[in-house]
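These notes are about the structure you will find just below.
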Amino acid sequence: MNYDALVNMTATVGTMLLENGAEIYRVEESMNRIFNAYGLERGDVFAIPSCIIVTVSDSEGHSYTKLTRVESKGTNLYKVERFNDLCRSICRDTPDFEKVFEDIKKINEEPQYNFLMQVLSRSLIASAFTLFFGGTVADAMCALVCGAAIKLTSHNMERFQANNFFTNIVASAVASAFAILFVHIGWAANVDKMIIGTFMNLVPGVAITNLMRDMIAGDLMAGIAKLTESLLVATAIALGAGIALSISRMILGG
């Protein structure tokens, strides 16, 4: 048994799950199941949203440890499902490690929604939630632009490698500015409904769900980390909207 290769392969699968929004318990359980499939009774796995530490021991008591730093985190439930399927196939067939790495590469190279589709989806989400919260049809039409502005702003902030906190501040400020502008020129009537509907694009719903699941499962450190992250996102959204509303009052008055 090549324990180094086993640890590297298992840590890579766990990292891919964590980067795409999987819960902590899912990451740790999947990695332990892989170890069991290759004949190890157990592996010591410790995962939090920013890193994974894994240690296994061979029959002679030698330990093999790997620490993986998780730099990028997002939400891609399709990839979570694909990596879950990969874990099941690994446990069922115990393929060569090279084959597993090839499958990981194929999953990561699978085509994603193109940029235009992502912009369109953000626009439709903003428009639908604006109607849901009581906005008029005119508000919903204007919210299409606000939703697109969030995606375009976030995309350009990523090019400058800005962190998530400042990205959310700028994106929420730009979207709020468009909503205020549309109301000022008379194209829409309810600035609050448009802002709330558009901000649903930024609300970390999956992260909030996962943090509750992690805390119930006893992963308190992971849950607290995700709770802090969610609170920072909420703070950034509020700051961005507050900045836009304050500037609009100074410029437009009232």
Identify all residues within region 33-50 that are under 16 Å from THR68 (Cβ atoms) and open to solvent by 20 Å² or more (accessible area, probe 1.4 Å); write none if there are none.
ASP44, VAL45, PHE46, ILE48, SER50
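With among the hydrophobic types (A, V, I, L, M, F, W, C) and more than 18 Å from SER154 (Cα to Cα) as the only criterion, which of ILE196, ILE208 stands out?
Values: ILE196 fails: more than 18 Å from SER154 (Cα to Cα).
It is ILE208.
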Is there any pair linking a residue in region 112-125 that is at negative phi to one that is not in a helix (DSSP H, G or I) and not β-branched (Val, Ile, Thr), with Cβ under 7 Å and at least six apart or on different chains, and which?
ARG122/ASN201; ILE125/MET200; ILE125/ASN201
Identify, by number, the condition in (1) aliphatic (A, V, I, L, M); (2) open to solvent by 10 Å² or more (accessible area, probe 1.4 Å); (3) part of a loop (DSSP other than H, G, I, E, B) that ALA22 doesn't meet.
(2)
Determine which single condition THR94 fails, assuming it passes every other condition in (1) more than 21 Å from the chain's Cα centre (by Cα); (2) of a type in the set (Ser, Thr, Tyr); (3) open to solvent by 70 Å² or more (accessible area, probe 1.4 Å).
(3)
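Does region 216-230 include one or more residues that are modelled with pLDDT under 90, basic (Lys, Arg) and surrounded by fewer than 19 Cβ atoms within 10 Å (Cβ to Cβ)?
Narrowing region 216-230 to residues modelled with pLDDT under 90: 216-230.
Pick out the ones that are also basic (Lys, Arg) and you get 226.
The next check asks that each one be surrounded by fewer than 19 Cβ atoms within 10 Å (Cβ to Cβ); those that pass are none.
Checked region 216-230: no residue is modelled with pLDDT under 90, basic (Lys, Arg) and surrounded by fewer than 19 Cβ atoms within 10 Å (Cβ to Cβ).
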Output yes when any residue across region 183-192 is acidic (Asp, Glu) and surrounded by fewer than 21 Cβ atoms within 10 Å (Cβ to Cβ), and no when none is.
yes
Which of the helices (runs of 4 or more DSSP H) contained wholly in region 133-238 include at least 3 residues that are at positive phi and among the acidic types (Asp, Glu)?
none
When you go through LEU77, LEU17 one by one, which is the residue that is open to solvent by less than 20 Å² (accessible area, probe 1.4 Å) and under 17 Å from ASP214 (Cβ atoms)?
LEU17
Pair list, Cβ under 6 Å, 6 or more apart: region 1-28 residue among the polar types (S, T, N, Q) and modelled with pLDDT under 90, other residue surrounded by fewer than 22 Cβ atoms within 10 Å (Cβ to Cβ) and assigned to a helix (DSSP H, G or I):
ASN20/LYS79; ASN20/VAL80
Anything in region 196-215 that is open to solvent by less than 60 Å² (accessible area, probe 1.4 Å), closer than 21 Å to CYS142 by Cβ and not β-branched (Val, Ile, Thr)? List them, or say none.
GLY197, PHE199, ASN201, LEU202
If you take the residues in region 51-74 that are charged (D, E, K, R) and surrounded by 15 or more Cβ atoms within 10 Å (Cβ to Cβ), which one is modelled with the lowest pLDDT?
LYS73
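The values are calculated or read from the model by the stated rules, or taken from the named source; none is laboratory data. What you see is a predicted model, and the numbers here were worked out from it, not measured in a lab. Cβ coordinates were reconstructed from backbone atoms using ideal geometry, including for glycine residues, and neighbour counts include every protein chain displayed. Heavy atoms of the whole protein, side chains included, go into the accessibility calculation; ligands, DNA and RNA do not. Shrake-Rupley method; radii C 1.70, N 1.55, O 1.52, S 1.80 Å.
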